[in-house]
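Report on the structure given below.
The values are calculated or read from the model by the stated rules, or taken from the named source; none is laboratory data. Please read these numbers as outputs of a predicted model, since none were measured by experiment. For neighbour counting, all protein chains shown are included, and Cβ atoms are generated from backbone atoms with ideal geometry for every residue, glycine included. These accessible areas exclude ligands, DNA and RNA; they are computed on the full protein's heavy atoms, side chains included. Shrake-Rupley method; radii C 1.70, N 1.55, O 1.52, S 1.80 Å.
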Amino acid sequence: MHTIRCEIDTEYRDAEALADLAWCWLVEGAERLEGESFREVLDSAGQVEESVKKSVQCGPPGSLWGFLNTDVVSSTGRVTNRSRVLTRKNLPMLRKWLALDVQLAETAVYRLDDRGMPGEKLLRMGIARDESSRGWVRLSAETSEASFEPAAQARMTELLRDFSQEVDPSYAQVGYSLSLGRTEHEERVGPPLHSMTLPQSRRLLRGYEWLMVIPREIAAHLGGGDGIAVAGDFHRVETLRDGAVLLQVTPEFDGFTGEAIERTWRLLRPALRPGMPKRFRDSDPVGPPSRIWYADIA
């Protein structure tokens, strides 16, 4: 089963702004995406607190279980992990941790398997500052492809839109989760690490997908929202507050194939890093299907 990943990249501003943003994303965002399940976990009385530290049964088989997790950097540079089971009584601990120098913070909801261990991932929200690119913040939300039906797609679309309105992203997308947090364009064209593309992400797009946010600088070169709308038959084109453009190519996630991918590539090719995409994963039966166009922009 593949994982669907929503991602928003933006510059780090300050610790206070990050703490407020992280709380909204990790708690309010999680409730918007998985409201009933998220609230059920918060109010659950059957979760085992030590299950976040030890390999023990997390709760009754088939029930919901979740966790809070942070990596905090001390004044000496040491990284300390702090985690709790996701319950309403533990939420104030997350708020307290977010006031510190946070490198990573997460909330997650799982369905426990028949052994009472984490099975299907219903939702995993994260906000991170990469060690090699500390000037940037990455918001992420992951769910299983099996649960990513049209209503869930609509909720994630509006979440990405609303948060992109607030943070002026250098890039954002919803697509399959790939290795090392890279987009498929980065994975197949390069460079090898996303930290090498973040500093240039307002000049060169990190990638492209079914749903994405084109940063304001690149959108302006493409003619803004109006220019993008007339350039192709896209399902939704919306200019956001700071001039970035939300682009939804097709009504549903599964429709981003073939001609829709080529049409998106042709629109965005002036802003993509040059190089012929490699086909190293096409024969992998367990990997997600490829969703980029195999041509060099040159």
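For the structure I just gave you, tell me whether Arg32 is crowded, with 19+ Cβ neighbours inside 10 Å and charged (D, E, K, R). In short, no. The set of residues from region 128-156 being part of a helix (DSSP H, G or I) and in contact with a strand residue (DSSP E or B) (Cβ under 6 Å, 6 or more places away or on another chain) comprises Glu145, Met156.
Give region 37-77 a look and list any residue that's hydroxyl-bearing (Ser, Thr, Tyr) and either in contact with a Ser or Thr (Cβ under 8 Å, 6 or more places away or on another chain) or in a helix (DSSP H, G or I) (or both), or say none.
Here is the first cut: in region 37-77, the ones hydroxyl-bearing (Ser, Thr, Tyr) are 37, 44, 51, 55, 63, 70, 74-76.
Hits for region 37-77 are Ser37, Ser44, Ser51, Ser63, Thr70, Ser74.
Please go through region 98-111 and give me each residue that is in a strand (DSSP E or B) and open to solvent by 50 Å² or more (accessible area, probe 1.4 Å), ordered by number. Spell out how you get there, then give the answer.
Initially, region 98-111 is screened for residues in a strand (DSSP E or B), giving 102-111.
Across region 98-111, the qualifying residue is only Arg111.
Exactly one residue among Ser74, Ser83, Ser44, Ser63 is surrounded by fewer than 20 Cβ atoms within 10 Å (Cβ to Cβ), hydroxyl-bearing (Ser, Thr, Tyr), touching a strand residue (DSSP E or B) at 6+ places or on another chain (Cβ under 9 Å) and modelled with pLDDT of 95 or more, and that residue is Ser83.
Out of Ala141, Ala172, Ala146, which single residue is in contact (Cβ under 8 Å) with a residue 24 or more places away in the chain, open to solvent by less than 40 Å² (accessible area, probe 1.4 Å), farther than 29 Å from Ala295 by Cβ and of a type outside the set (Asp, Glu)? Please lay out each step first, then the result.
Working: Ala172 fails: farther than 29 Å from Ala295 by Cβ; Ala146 fails: open to solvent by less than 40 Å² (accessible area, probe 1.4 Å).
After ruling out the rest, the residue left standing is Ala141.
From the list Arg95, Arg124, the one residue that fits, being loosely packed, with under 15 Cβ neighbours inside 10 Å and closer than 29 Å to Gly77 by Cα, is Arg95.
Evaluated against (1) touching a helix residue (DSSP H, G or I) at 6+ places or on another chain (Cβ under 9 Å); (2) open to solvent by 70 Å² or more (accessible area, probe 1.4 Å); (3) without any contact (Cβ under 8 Å) to a residue 24 or more places away in the chain, Gly227 falls short on exactly one condition, (2). For region 224-274, the set of residues classified as assigned to a helix (DSSP H, G or I) and either touching a Cys at 6+ places or on another chain (Cβ under 7 Å) or among the basic types (Lys, Arg) (or both) consists of Arg263, Arg266, Arg269, listed by residue number. In region 1-23, the qualifying residues are those that are in contact (Cβ under 8 Å) with a residue 40 or more places away in the chain and in a helix (DSSP H, G or I), and the one that is least open to solvent (accessible area, probe 1.4 Å) is Ala22.
Screening Arg129 against (1) open to solvent by less than 40 Å² (accessible area, probe 1.4 Å); (2) closer than 23 Å to Glu50 by Cβ; (3) touching a residue at least 24 places away in the same chain (Cβ under 8 Å) leaves a single unmet condition, (2).
Here is the figure for region 196-223: residues that are part of a helix (DSSP H, G or I) and open to solvent by 20 Å² or more (accessible area, probe 1.4 Å) total 7.
Among the conditions (1) out of contact with any Lys or Arg (no Cβ under 9 Å at 6 or more places or on another chain); (2) in contact (Cβ under 8 Å) with a residue 40 or more places away in the chain; (3) buried (at least 18 other Cβ atoms within 10 Å of the Cβ); (4) not in a strand (DSSP E or B), the only one that Asp114 does not satisfy is (3). Could you tell me whether Ser37 is under 23 Å from the mean Cα position of the chain (by Cα) and either farther than 17 Å from Glu166 by Cβ or open to solvent by less than 80 Å² (accessible area, probe 1.4 Å) (or both)? It is true that Ser37 is under 23 Å from the mean Cα position of the chain (by Cα) and either farther than 17 Å from Glu166 by Cβ or open to solvent by less than 80 Å² (accessible area, probe 1.4 Å) (or both). The set of residues in region 151-196 that are under 27 Å from Pro251 (Cβ atoms) and of a type in the set (A, V, I, L, M) comprises Ala151, Ala152, Ala154, Met156, Leu159, Leu160, Val167, Ala172, Val174, Leu178.
Criterion applied to Arg273, Arg263, Arg236 was being among the basic types (Lys, Arg) and touching a His at 6+ places or on another chain (Cβ under 8 Å), and the one residue passing it is Arg273.
For region 168-195: of the residues being outside any helix (DSSP H, G or I) and of a type in the set (D, E, K, R), which is farthest from Ala154 (Cα to Cα)?
Step one: of region 168-195, the residues outside any helix (DSSP H, G or I) are 168-178, 182-183, 190-193.
Narrowing further to those that are of a type in the set (D, E, K, R): 168, 182.
Working: Asp168: 21, Arg182: 23 Å.
In this case the residue turns out to be Arg182.
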